[in-house]
Amino acid sequence: ETGVTQSPTHLIKTRGQQVTLRCSSQSGHNTVSWYQQALGQGPQFIFQYYREEENGRGNFPPRFSGLQFPNYSSELNVNALELDDSALYLCASSLEPGARSSPLHFGNGTRLTVT
Amino acid sequence: GENVEQHPSTLSVQEGDSAVIKCTYSDSASNYFPWYKQELGKGPQLIIDIRSNVGEKKDQRIAVTLNKTAKHFSLHITETQPEDSAVYFCAAPNDYKLSFGAGTTVTVRA
């Protein structure tokens with residue numbers, strides 16, 4: 001069973017640029033969620049994708065957007081990068097949408113640094 | 001929405017001793033409570049979870065207890081070992097997302 005894989009592992013961008021992060025879900029999982037983890041804090045929910053559509057969104061501005069593909073993999077796009085966007089971006093997959101029934105399995109994240 | 005508070009923020013224990021981390025939640029409708037372990041440079045790993053129809057669950061040296069009336073749940077690690085050193089997060093569901101506590105950094109002293 002292949003776990004959740006994310007790429008790249010590290011990324012350095014300049015303020016104002018755009019970035020795309022990628023995630024492959026665990027085998028058999030059809031739902032992907034993205035979380036942002038600032039240093040020393042718990043993960044914060046960005047959004048969830050199910051059946052190629054956004055299924056729920058946290059308190060993040062529209063410059064954070066995503067996609068889910070037919071093979072359940074996903075992308076997180078961030079436009080107009082700000083210094084505060086520097087964080088670990090985590091992708092998690094699950095068997096079902098929502099968070100009450102199906103455990104989330106996380107990848108190792110992409111460390112984004114904005115200078 | 002769900003608000004999860006976690007204590008303590010840091011915990012140092014002697015190898016072989018027990019460690020206990022406590023969390024409280026606000027949404028009485030929450031029915032699923034996972035615990036994650038995060039090692040340096042890695043993503044959170046699910047180590048144990050509990051559903052609201054049981055009060056306790058054990059898996060080898062780790063256990064979780066749940067008190068729905070008081071709206072708190074705890075992680076217990078017995079016979080701690082150096083490899084237990086990590087950051088631990090509790091979480092509770094809020095519709096489609098998990099709300100996480102702020103984390104507990106556990107250090108096991110040899």
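A few points about this structure:
- Whichever residue in region B:83-95 is open to solvent by 20 Å² or more (accessible area, probe 1.4 Å) and closer than 25 Å to B:Glu15 by Cβ and, among such residues, is nearest to the other protein chains (Cβ to nearest Cβ): B:Val87
- Apart from one condition, A:Glu96 fits all of (1) acidic (Asp, Glu); (2) within 14 Å of another protein chain (Cβ to nearest Cβ); (3) on the phi > 0 side of the Ramachandran plot; the exception is (3).
- Strands (runs of 3 or more DSSP E) enclosed by chain A - at least 2 residues per element that are touching a Phe, Trp or Tyr at 6+ places or on another chain (Cβ under 9 Å): A:19-24, A:31-37, A:44-50, A:53-57, A:64-68, A:74-78, A:87-94, A:110-114
- Single match in B:Ser52, B:Ser18 (criterion: within 14 Å of chain A (Cβ to nearest Cβ), among the small types (Gly, Ala, Ser) and more than 25 Å from A:Ile46 (Cβ to Cβ)): B:Ser52
- Members of region B:35-50 found to be part of a strand (DSSP E or B) and out of contact with any Pro (no Cβ under 6 Å at 6 or more places or on another chain), listed by number: B:Trp35, B:Lys37, B:Gln45, B:Ile47, B:Ile48, B:Ile50
- For the condition of a type in the set (Gly, Ala, Ser) and part of a loop (DSSP other than H, G, I, E, B), B:Ser28 qualifies.
- Top-ranked residue of region A:43-58 - restricted to ones that are charged (D, E, K, R) and under 14 Å from A:Tyr72 (Cβ atoms), ranked as surrounded by the fewest Cβ atoms within 10 Å (Cβ to Cβ): A:Glu53
Quick grid of which residues meet (1) modelled with pLDDT of 95 or more; (2) surrounded by fewer than 21 Cβ atoms within 10 Å (Cβ to Cβ); (3) more than 15 Å from B:Gln6 (Cβ to Cβ):
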| position | (1), (2), (3) |
| --- | --- |
| B:Ser18 | yes, yes, yes |
| B:Ser26 | no, yes, no |
| B:Gln45 | yes, yes, yes |
| B:Val54 | no, yes, yes |
| B:Lys58 | yes, yes, yes |
| B:Ser74 | yes, yes, no |
| B:Gln81 | yes, yes, yes |
| B:Lys97 | no, no, yes |
| B:Thr107 | yes, yes, yes |
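- Yes/no for B:Leu46 being within 14 Å of chain A (Cβ to nearest Cβ) and farther than 18 Å from B:Ser12 by Cβ: yes
- A:Val78 fulfils the conditions (1) away from every other protein chain (no Cβ under 12 Å); (2) open to solvent by 10 Å² or more (accessible area, probe 1.4 Å); (3) on the phi < 0 side of the Ramachandran plot; (4) not basic (Lys, Arg) except for a single criterion, (2).
- Residue in region A:101-112 that is more than 10 Å from chain B (Cβ to nearest Cβ) and open to solvent by 40 Å² or more (accessible area, probe 1.4 Å) present: no
- Checking B:Pro34 against (1) of a type outside the set (A, V, I, L, M); (2) in contact (Cβ under 8 Å) with a residue 60 or more places away in the chain; (3) loosely packed, with under 15 Cβ neighbours inside 10 Å, the condition it does not meet: (3)
- Whenever a residue of region A:83-103 is over 15 Å from B:Leu46 (Cβ atoms), its partners that are charged (D, E, K, R) and in a loop (DSSP other than H, G, I, E, B), lying with C-beta atoms within less than 7 angstrom and at least six residues away or across chains, give the pairs A:Leu83/A:Arg15; A:Gly98/B:Asp95.
The values are calculated or read from the model by the stated rules, or taken from the named source; none is laboratory data. Note that this is a predicted model, so its numbers are computed, not measured. For neighbour counting, all protein chains shown are included, and Cβ atoms are generated from backbone atoms with ideal geometry for every residue, glycine included. Keep in mind that these areas ignore ligands, DNA and RNA; they rest on the heavy atoms of the full protein, side chains included. Shrake-Rupley method; radii C 1.70, N 1.55, O 1.52, S 1.80 Å.
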